[in-house]
Amino acid sequence: MLRTKVGKLVSSLALAGVLLSSVLVNQADAGLANGSKFLGNIIAGSVPPSYGTYWNQVTPENSTKWESVEGSRNNMNWSQADTAYNYARSNGFPFKFHTLVWGAQEPGWVKGLSAADQKAEVTQWIKAAGQRYPNAAFVDVVNEPLHQKPSYRNAIGGDGSTGWDWVIWSFQQARQAFPNAKLHINDYGIINDPSLADQYVNIINQLKSRGLIDGIGIQCHHFSMDNVSVNTMNTVLNKLSATGLPIYVSELDITGDDNTQLARYKEKFPVLWQNPSVKGVTLWGYIQGLLNHPVVGSLRFGHLSFQAMDSVDLQVTVNIPLDTPTIERMRKLLSAVNR
């Protein structure tokens, strides 16, 4: 969703404890332990050296968006996207292509084309992406249909009889181009708005009835997450779960000063992770200063020193029992911070 700037790793053991202990709080639901769920993050231009220590799923931040690949017509630059894809493949991590059809970060040149040329270009774009990344595990086919409709939507069906013909067309093309991938829809503002969730479910059910969709993406950015109640979160998750499709938290970040952010993660991350319909969570950044928002970096957590902490201290900090492998992972994180 956001463009990248160079930044510096500033994270804390406390927040890592919230994330990792939520993952391992119940061995029956221990996603990273048994592979039933993933905990992923974004890759921008290059892969952070510590990436594989903490995350086991890859989403490119910007490099698989149409504008980033084909900013100049018929000139496709896949270099940064290849970096993320090849890293994921070499490490056995699921790779998500983000995204095919989106009104923001579409190439500027597409708006001036005729409808016929627009349709031909977006068709070519989807086919090229599928040929380039045939082993993508997931694809965000349409991003933010409720908020950022593409300028060329009338060329690919417009509203049509369903109200969402352009979305249906996009998924039909993606199914052909990515026959081995799970196809997702993705949008923001859902987790904190049951009414908007109902509109989202309407689109989802139209796709589901045609066999075109395999998963639901909910972004869960800070502007939706910081002040949402747990009750509202559960209401929305129940609405989405009723479709029978898996849910993926696709762009999670939560803000606040050190104490506020920690409290928010402790309260809200388990609601997402422990929901049985949620099959994966992707955080939108973990390096302080990497994103345009000054305090968004998902592990933006103070300059606290936890070197003296032992397992008892950690359990008190996050109020969840931690096992030895979890503590070792957090010690690696601390080591990276203190380099």
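The values are calculated or read from the model by the stated rules, or taken from the named source; none is laboratory data. In this text, all values refer to a predicted model and were calculated from it rather than measured experimentally. Note that each Cβ is placed from the backbone with ideal geometry, even for glycine, and that neighbours are counted across all protein chains shown. SASA here: full protein model, heavy atoms, side chains in, ligands and nucleic acids out. Shrake-Rupley method; radii C 1.70, N 1.55, O 1.52, S 1.80 Å.
With a 1.4 Å probe and every protein chain left in place, tell me how much accessible area residue 76 has, in Å² to the nearest 10.
60
Amide H to amide H under 5 Å from residue 283: which residues, 5+ apart in sequence or cross-chain, H placed 1.01 Å off N in plane?
For residue 283, the qualifying residues are 40, 41, 252.
Using the Cα gyration tensor of the range 65-204, with a ≥ b ≥ c the square roots of its eigenvalues, what is the shape: rounded (a/c below 1.5), prolate (a/b larger than b/c) or oblate (neither)?
In terms of gyration-tensor shape, oblate.
Using a 1.4 Å probe and ignoring any ligands, DNA or RNA, find the accessible area of residue 222 and quote it in Å² to the nearest 10.
30
Explain nothing, just compute: Karplus ³J(HN,Hα) = 6.51 cos²θ - 1.76 cosθ + 1.60, θ = phi - 60°, for every residue of the range 116-128 in order, whole Hz, x for Gly and Pro.
Per-residue couplings from phi come out as 5, 5, 4, 4, 5, 5, 5, 4, 4, 4, 5, 5, 4 Hz.
List the residues whose amide H sits under 5 Å from the amide H of residue 228, counting only those 5 or more places along or on another chain, with H placed 1.01 Å from N in the peptide plane.
Amide H to amide H, under 5 Å and 5 or more residues apart or across chains, residue 228 pairs with nothing.
Using +1 at the C-beta of Lys and Arg and -1 at the C-beta of Asp and Glu, which of 168, 129, 154 has the Cα lying farthest in the positive direction of the dipole of the range 116-172?
Final value for the positive-end residue is 129.
Among 239/266; 65/182; 111/208, which pairs are too far apart, with a Cα-Cα distance over 27 Å?
With Cα atoms farther than 27 Å apart: 111/208.
Whole-Hz ³J(HN,Hα) for each residue in the range 139-149, computed from phi via Karplus 6.51 cos²θ - 1.76 cosθ + 1.60 with θ = phi - 60°, x for glycine and proline: what do you get?
9, 7, 6, 10, 9, 6, x, 7, 10, 9, 6
Using a 1.4 Å probe, what is the accessible area per residue for the range 78-236, in Å²?
I get 37 Å² per residue for this part.
Quick check: at a probe of 1.4 Å, how many percent of the accessible area of the range 104-231 sits on carbon and sulfur atoms?
Accessible surface attributable to carbon and sulfur in the range 104-231 totals 43 percent.
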